[in-house]
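Participant: Handing you this structure, nothing more for now.
The values are calculated or read from the model by the stated rules, or taken from the named source; none is laboratory data. This is a predicted model, so every value here is computed, not measured. Neighbour counts are summed over all protein chains in view; Cβ atoms, including those assigned to glycine, are modelled from backbone coordinates with ideal geometry.
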Amino acid sequence: MALKTTFNYSPNFNHKKRNSKQVKFIIFHYTGMKNEYGALKRLTDIQSEVSCHYLIKNNGEIIEIVPDLYEAWHAGSSSWKNYKSLNKNSIGIELTNPGHVFGYKGFSKKQITSLIELSKNLIKKYKIVPKNILGHSDIAPERKKDPGEKFPWEHLSKNKIGLWHMLKKKELKKNRNLSLDKIKEELFLKNLYKIGYLKKTPKKIKKEVYSKILIKTFQRRFRQALVNGKIDRECLLISMNLLKKFN
């Protein structure tokens, strides 16, 4: 059964068509704007110089913005493992949500239902592996927070979309806020680099500031109950469990 979408094409894309084998990632975003009308207008406005491949509205409607085999402008300056500038190798999916600036809220059930349907379609079409399904903040932690701590990564992983750890919640909660020594804290950060997060501190950011940003990014993705920028035993255990999956 064909995926039901409507079309509202953006002029913001690279006109050279890419090979389907180049598509290796799906990147999830939130729009971070006050309303859907403003979000759609920006994604299709030549002056904005941003776009995506798909936009999912609050009511679950899927709008195709840029065809899959053209490079949309959604990731910007980005990095994951050995990949740079992930626009070249990814499909970007935006979900309407005001984001952290305008009153971040949970995503609607209809949005997530549509997201699962769309993602499964793309995974099958382009043979995308679970470890290559990421959030915008994963690939650009110093700039982005989306899709944020209310995005249902665990639920998606149960539908074979993206990865989640296999640790029991009760066990993890016992280790929450238990401090680590400096060696274990360094081990946690090394685990993040092995998972795929950018190791090199971006320009104009102090190393300790970037480390805190990276910790919060990890927490928004994998320890959503507490995003405080502090490394504790729970975070370390999750990172160790994920290493096996991402490598």
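Participant: Filter the stretch 35-51 for residues that are of a type in the set (Gly, Ala, Ser) and touching a Ser or Thr at 6+ places or on another chain (Cβ under 6 Å); which is surrounded by the most Cβ atoms within 10 Å (Cβ to Cβ)?
Facilitator: Looking at the filtered set, the residue picked out is SER51.
Participant: Sticking with this structure for a sec: If I ask for residues that are more than 19 Å from SER77 (Cα to Cα) and free of Cβ contacts under 8 Å to residues at least 40 places away in the same chain, which ones from the stretch 190-206 would you list?
Facilitator: Scanning the stretch 190-206 gives a single hit, LYS190.
Participant: Could you tell me which residue of the stretch 1-13 is surrounded by the most Cβ atoms within 10 Å (Cβ to Cβ), considering only residues that are in a loop (DSSP other than H, G, I, E, B) and at pLDDT 95 or above?
Facilitator: SER10
Participant: Still on this structure, I have one more. Filter the stretch 51-98 down to residues that are in contact with a helix residue (DSSP H, G or I) (Cβ under 9 Å, 6 or more places away or on another chain) and among the basic types (Lys, Arg) and give me whichever is nearest to ILE123 (Cα to Cα).
Facilitator: LYS88
Per-residue answers, yes or no, for (1) among the hydrophobic types (A, V, I, L, M, F, W, C); (2) within 16 Å of the chain's Cα centre (by Cα):
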site	(1), (2)
HIS155	no, yes
LEU180	yes, no
ILE183	yes, no
TYR197	no, yes
LYS200	no, no
LYS207	no, no
TYR210	no, no
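Participant: In this structure, is ILE183 in a helix (DSSP H, G or I), surrounded by 16 or more Cβ atoms within 10 Å (Cβ to Cβ) and β-branched (Val, Ile, Thr)?
Facilitator: No: the conditions fail for ILE183.
Participant: Those residues that are without any contact (Cβ under 8 Å) to a residue 12 or more places away in the chain and in contact with a Ser or Thr (Cβ under 6 Å, 6 or more places away or on another chain), I need them from the stretch 207-219; list them, please.
Facilitator: LYS207
Participant: Mind checking which residues of the stretch 14-34 are surrounded by fewer than 20 Cβ atoms within 10 Å (Cβ to Cβ) and either in contact with a strand residue (DSSP E or B) (Cβ under 9 Å, 6 or more places away or on another chain) or not small (Gly, Ala, Ser) (or both)?
Facilitator: Listed by number, the residues that qualify are ASN14, HIS15, LYS16, LYS17, ARG18, ASN19, LYS21, GLN22, LYS24, LYS34.
Participant: Now a separate question. Return the residues of the stretch 211-247 that are modelled with pLDDT of 95 or more, not in a helix (DSSP H, G or I) and not aliphatic (A, V, I, L, M); say none if nothing qualifies.
Facilitator: ARG223, GLN224, ASN228, GLY229, LYS230, ASP232
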